[in-house]
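Down below is the structure, laid out as structure tokens.
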Amino acid sequence: MKKTFYITTPIYYVNDVPHIGHAYTTIAADVLARYHRLRLGKDNVFFLTGLDEHGQKVQQAAARAGIAPQAHCDRLAPQFVNLWKRLNISNDDFVRTTEPRHTWVVQKALQQLYDKGEIYQRAYTGWYCTFDERFWTEKDVIGGLCPECKRPVEQLSETNYFFRMSKYQEWLIAYIKQHPDFLQPRSRHNEVLGFLQKPLEDLSISRPKSRLAWGIELPFDPNYVTYVWFDALVNYISVPGYLVDDDRFFKWWPADVHLIGKDILTTHSVYWSTMLKALELEPPTTIFAHGWWTVNGEKMSKSRGNVIDPNAIVDEFGVDPFRYFLLREVPFGQDGDFSRETLITRINSDLANDLGNLLHRTLTMIERYADGKVPEPGPAGNLDLDTSLRQMASELLPLLDRHVAQFEFNRALEAIWGLVQAGNQYIDKCAPWVLAKTPEDRPRLNTVLYNAAETLRFLCLTLYPFMPAAAGEVKRQLGLLLNFSKPLLAHDISWGGLLPGTEIAKGAPLFPRIEASKTQGETCVNQEEPSTLKPPEISNQAPEMTPEQISVEDFRKAVLRVGKVIAAERIPKSTKLLKLQVDIGAEQRQIVAGIGTKYTPEEMLGKRIVIVANLKPAKLMGVESQGMVLAAGDQEVTALLTTIEDVPLGSKIK
Ligand code: MSP
């Protein structure tokens with residue numbers, strides 16, 4: 001394994017506030033940085049992000065705001081810095097391309113290339129796209145529109161400075177072919193090779209000041225500023241110390257990963273690689289281009305008014321659910337669609353039901369059955385169950401290493417959730433609440449509780465890169481002594497690392513469930529046009545209620561939820577009554593149900609049922625019942641109620 005890891009995000013234009021697309025790349029880069037810190041230690045990881053402050057887009061945005069470009073950048077930069085703080089982004093540096101440490105290197109690099117004859121001046125006539133800030137040739141332009149953004153282009157004749165990019169075409173093709181991991185995912189590798197089948201032109205790297213003043217002045221001609229892409233790409237080498245500090249620079253360069261969006265693949269794979277070649281530097285090891293997010297199936301754009309503000313999502317749902325959703329929902333190289341509904345479903349099923357529940361029930365049982373301390377495990381009783389849980393936990397990190405190396409965040413999270421589910425099933429099968437009743441079962445109970453807590457320790461470690469705040473909370477509640485900034489040692493990742501006697505500190509649920517009804521309610525309000533609302537007097541004409549009818553408000557008083565039976569036994573001396581332990585997501589209920597003539601306890605295990613969840617607890621044959629199971633049947637129970645679809649546990653019935 002390489003000893004250092006250098007990862008970058010694109011530097012974002014400060015022409016507007018950050019949106020979900022910016023957050024996406026930055027969160028993914030943060031996960032990789034945190035993951036590698038766990039493996040290599042914090043001093044061997046360098047994570048760089050920042051802002052692209054020059055160029056036409058920024059100059060125009062400043063003009064719209066009626067202020068100078070630098071003042072505009074200074075005003076917007078904190079929006080990015082603050083969002084990254086909020087999203088728990090652990091970048092090691094933050095570059096702004098107007099900083100002297102960067103502009104100095106850009107000018108030095110330009111001078112070097114100019115001195116070597118890699119940059120020359122010539123007159124050029126072409127089709128210019130203001131939005132993309134680039135020239136197109138006659139054959140690229142279709143119907144007067146830019147082939148990339150489909151906006152009108154204008155013919156411009158200008159004398160500019162050009163970088164001899166064309167001379168590196170054959171080299172670049174060979175390099176890409178010889179380094180199959182250079183451009184990822186594989187489809188992007190093919191895309192760039194396809195692009196390189198057409199002759200590569202030289203790259204205009206200057207803009208006359210008469211047209212664009214906001215940029216870094218060319219060191220060899222004060223009438224020009226540097227083309228924004230030439231300037232911006234150099235950030236990847238200026239910050240680690242190119243031409244300033246060789247030791248520092250070559251500690252990090254070549255970068256391990258440039259994470260980018262698919263729209264800026266050409267600038268990175270073609271412009272940047274050839275610029276580096278001309279500077280006699282190695283290309284980065286990997287350029288990974290991720291997909292784009294649409295919103296409710298539509299392209300995200302200001303004009304559509306559907307731009308997702310990460311701050312608003314975090315306000316409503318929290319940081320870690322947002323981080324989790326973005327990386328879990330869609331394979332990293334592919335496009336994805338963002339909607340509140342899918343986000344809420346993920347939160348409720350994966351975070352609240354699966355992970356939150358595992359933590360909550362484990363800690364509740366340690367509190368209840370072991371005085372709030374992780375017990376010393378007794379001898380392993382049911383060996384198969386214990387061994388498979390232990391094996392799954394021990395194999396998790398090597399598996400994650402492979403997924404992370406392939407940028408398969410969704411599969412990494414799937415693998416982690418495999419262990420979450422295994423932990424929950426282990427508890428269901430071992431039924432600690434049954435073991436707790438018999439003193440002879442105490443050693444076994446201790447083993448089960450220990451194993452559940454140890455599973456959570458593995459989860460805490462592996463979740464940390466993805467959901468640092470949640471991992472921190474699991475660590476606190478479990479009383480773990482972990483230092484996430486140190487490389488993991490062998491004993492950290494071997495089973496049994498959790499110290500018996502560790503005092504736990506159960507806290508509030510890790511991920512509260514989001515009430516879907518609340519969201520639907522809001523949607524309903526929006527859908528109903530005020531003009532279609534019935535005027536109030538009509539309600540006076542509503543028919544009278546008959547005695548057996550109830551109002552919808554009466555019905556809503558009953559809270560009905562979906563649950564799963566995780567343990568069942570007969571109540572001694574009763575043919576009718578079964579005692580069920582029912583998992584309803586955020587909690588577990590004990591319910592005494594009169595269904596024993598129709599169902600055996602074994603038949604009930606694993607059944608998905610519907611319960612009345614807000615019934616006052618009652619005692620039946622001396623056993624407390626905290627709810628009621630819904631069943632059909634006039635006299636005798638003939639069938640239990642369930643849901644057609646497999647919905648998250650705890651879902652409300654309406
Ligand atoms: N300043 C250049 C990058 C220079 S890097 C040397 C730039 N900036 S940007 O602010 O316009 O875009 C930055 C990133 O946001 C790009 O990687 C782009 O792919 C990403 N996204 C913009 N909209 C997006 C989505 N809807 N979905 C996902 N990512 C998107 O380009």
**Item:** Selection within region 323-343 - of a type in the set (Val, Ile, Thr) and in contact (Cβ under 8 Å) with a residue 40 or more places away in the chain
**Value:** 330
**Message:** Taking the criterion of being buried (at least 22 other Cβ atoms within 10 Å of the Cβ) and not assigned by TED's automatic domain parsing to the domain that holds residue 584, would at least one residue in region 436-445 satisfy it?
**Reply:** yes
**Asked** outside any loop (DSSP other than H, G, I, E, B) and more than 26 Å from the chain's Cα centre (by Cα), is that true of residue 264?
**Response** no
**Message:** Just to check your reading of the model, which residue among 30, 16 is among the charged types (D, E, K, R), part of a loop (DSSP other than H, G, I, E, B) and either within 16 Å of the ligand (Cβ to nearest atom) or in the same structural domain as residue 468 (by TED's automatic domain parsing) (or both)?
**Reply:** 16
**Request:** Would you please list the contacts, defined by Cβ atoms under 9 Å and residues six or more apart or on different chains, that run from a residue in region 288-303 that is closer than 25 Å to residue 183 by Cβ and in the same structural domain as residue 187 (by TED's automatic domain parsing) to a residue that is within 9 Å of the ligand (Cβ to nearest atom) and among the basic types (Lys, Arg)?
**Result:** 289/262; 290/262; 291/262; 292/262; 292/299
**Item:** Unmet requirement for residue 177, which otherwise passes all of (1) within 22 Å of residue 291 (Cα to Cα); (2) at pLDDT 95 or above
**Value:** (1)
**Filter result for the condition that a residue is more than 10 Å from the ligand (Cβ to nearest atom) and at pLDDT 95 or above, over 279, 265** = 279
**Prompt:** Mind checking which residues of region 132-147 are part of a loop (DSSP other than H, G, I, E, B) and free of Cβ contacts under 8 Å to residues at least 60 places away in the same chain?
**Reply:** 132, 138, 139, 140, 141, 143, 144, 146, 147
**Request:** Considering every residue within region 626-639, establish whether at least one is surrounded by fewer than 13 Cβ atoms within 10 Å (Cβ to Cβ) and aliphatic (A, V, I, L, M).
**Result:** yes
**Complete:** Condition set of a type in the set (A, V, I, L, M) and near the ligand (Cβ under 9 Å from one of its atoms), scope region 282-301, selection modelled with the highest pLDDT: answer is 289
**Fill in**
When (1) over 21 Å from the mean Cα position of the chain (by Cα); (2) crowded, with 22+ Cβ neighbours inside 10 Å; (3) away from the ligand (no atom under 16 Å from the Cβ) are applied to residue 68, the one that fails is (2)
**Message:** Only one of 202, 221, 246 is more than 16 Å from the ligand (Cβ to nearest atom) and without any contact (Cβ under 8 Å) to a residue 12 or more places away in the chain. Can you tell me which?
**Reply:** 246
**Request:** Examine region 138-160 for a residue that is under 30 Å from residue 244 (Cβ atoms) and surrounded by 15 or more Cβ atoms within 10 Å (Cβ to Cβ), and state whether such a residue exists.
**Result:** yes
**Filtered residues of region 33-55 (kept if part of a helix (DSSP H, G or I) and in contact with a helix residue (DSSP H, G or I) (Cβ under 7 Å, 6 or more places away or on another chain))** = 34, 35
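The values are calculated or read from the model by the stated rules, or taken from the named source; none is laboratory data. Bear in mind that the values here come from a model prediction, so they are computed numbers and not experimental data. Positions of Cβ are generated from backbone atoms using ideal geometry, with glycine treated the same way; all protein chains shown enter the neighbour counts.
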